[in-house]
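The values are calculated or read from the model by the stated rules, or taken from the named source; none is laboratory data. All of these numbers come straight from a predicted model, not from anything done at the bench. Please note: Cβ atoms are built from the backbone with ideal geometry, for glycine as well, and neighbour counts cover all protein chains shown. Ligands, DNA and RNA are excluded from the accessible area calculation, which covers all protein heavy atoms including side chains. Shrake-Rupley method; radii C 1.70, N 1.55, O 1.52, S 1.80 Å.
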Amino acid sequence: MVFCALLWQILRKCPELVPNVFGDEHSSDVVASFTRPWSRVKLSSAIRRLTTNNISTRFCFFIDGLDEFEGDQWELIEDLNSLVSPNLKLCLSSRPWNVFVEEYGQSDLHLALDRLTHQDMAQYVRDVLIKDSKFLRLAAREPEATDKLVDEIRLRADGVFLWTHLVVQSLRRGLREPDDIEMLFRRLRALPTDLKTFFRRMIDVVDEVYKPYTARALQIALHAFEPLPPDVFTFLPKDVDDPNFAFRDQYNAMSTDDVRDCRRNINKWCRDLLEIRSYELPAFSVDVDGVATGCEDEGGVQPSVAELLKVQKVHEAGHVTVEFLHRTVKDFLETSEMTYSKKWLGLASIPGRPPRDSSLCALRGPGLRARVLRL
């Protein structure tokens, strides 16, 4: 899978290298060659041909998360080592697992990033928690304990900023209960340090009545080719009750209150796995000659008012999107464990009703909007 992704990225950027990689296969049996499953040996040989053939292109691959590889890790190491040549360099990252430390950790050419970022993580935790008035009161009463809490978060994070972010969000929820300092420590120590286990726990702790919506929302985001507008998720409860709603309901553009309600629902269904993000356009004005000002590009060129209004129209319709918190959430949902889990797939069904196709649900909201606006 690693080689497949690498090969695809290389040939997508440099299609002129296809003949160098595939040789006679490229010209004689293209369709059959690309539709049959490729073996690990065939994929690694194809990449090695890039470095052994007489070509001028040089490559440097940055491969993150070796510890997340689900196959044989020694085979992965052998395959990666076989690629290294004067034309190809590798920059690899992993948690400090024995298998990777033994192979790559003995050289001077390595960095322990957690040792370089631990102060940044501690500062991030303080910067976020200090904005909470309840944490400030705790810190005033028990400064040593709150300092110890921040330090323990840093140590348990093991250099993973995403884990730190999720833990801080959990602690902030605890402060709203409100938890005392002992309960905050219990909350911290109950959280898994492995991200996959953390994500699984986040799904498991969702209220049972919300879980059908959790599964549908996550599957809709998973099947989307790009981040979707929030109205797709606003229509989700209607789709659960009536899959034909798009043929009858009237579409109204989302107001600020609608977006706020959608944000609450997303948080209620998916906790921190999905989030709503806003992308604002720079403000512009039109002078007496009809020229837009205040939004020049890097070359100082003024766009026409028509161009700006066209962009503004698109912006108004889609400047707010629902996205995964981080790419690792999407990776987790695509793991074989989640893909083939009957429990996970079953969450999308409402008791007493047939299961629905999440990709169809994702189309019904935009379908309603298109029907009403006649686009």
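Miscellaneous remarks
- Looking only at residues in the range 63-91 that are out of contact with any Ser or Thr (no Cβ under 8 Å at 6 or more places or on another chain), within 23 Å of GLY159 (Cα to Cα) and hydrophobic (A, V, I, L, M, F, W, C), the one that is surrounded by the most Cβ atoms within 10 Å (Cβ to Cβ) is ILE77.
- Qualifying residues in the range 143-178 (those that are modelled with pLDDT under 90 and more than 28 Å from the chain's Cα centre (by Cα)) - the one surrounded by the most Cβ atoms within 10 Å (Cβ to Cβ): PRO178
- Residue in the range 130-142 that is surrounded by 11 or more Cβ atoms within 10 Å (Cβ to Cβ), of a type in the set (Ser, Thr, Tyr) and without any contact (Cβ under 8 Å) to a residue 60 or more places away in the chain present: no
- Being assigned to a helix (DSSP H, G or I) and either modelled with pLDDT under 85 or out of contact with any helix residue (DSSP H, G or I) (no Cβ under 6 Å at 6 or more places or on another chain) (or both) is a description that applies to MET202.
- Taking the criterion of being modelled with pLDDT under 75 and not in a helix (DSSP H, G or I), the residues of the range 1-24 that qualify are MET1, GLY23.
- Some residue of the range 27-43 being surrounded by 13 or more Cβ atoms within 10 Å (Cβ to Cβ), in contact with a helix residue (DSSP H, G or I) (Cβ under 8 Å, 6 or more places away or on another chain), modelled with pLDDT of 85 or more and closer than 13 Å to PHE3 by Cα: no
- Of the residues making up the range 80-96, those that are in contact with a Leu (Cβ under 9 Å, 6 or more places away or on another chain) and farther than 18 Å from THR335 by Cβ number 9.
- Which numbered condition PRO192 fails, given (1) surrounded by fewer than 17 Cβ atoms within 10 Å (Cβ to Cβ); (2) in a helix (DSSP H, G or I); (3) free of Cβ contacts under 8 Å to residues at least 40 places away in the same chain: (2)
- Within the range 179-189, being open to solvent by 10 Å² or more (accessible area, probe 1.4 Å) and either among the polar types (S, T, N, Q) or over 21 Å from ARG95 (Cβ atoms) (or both) holds for ASP179, ASP180, GLU182, MET183, PHE185, ARG186, ARG187.
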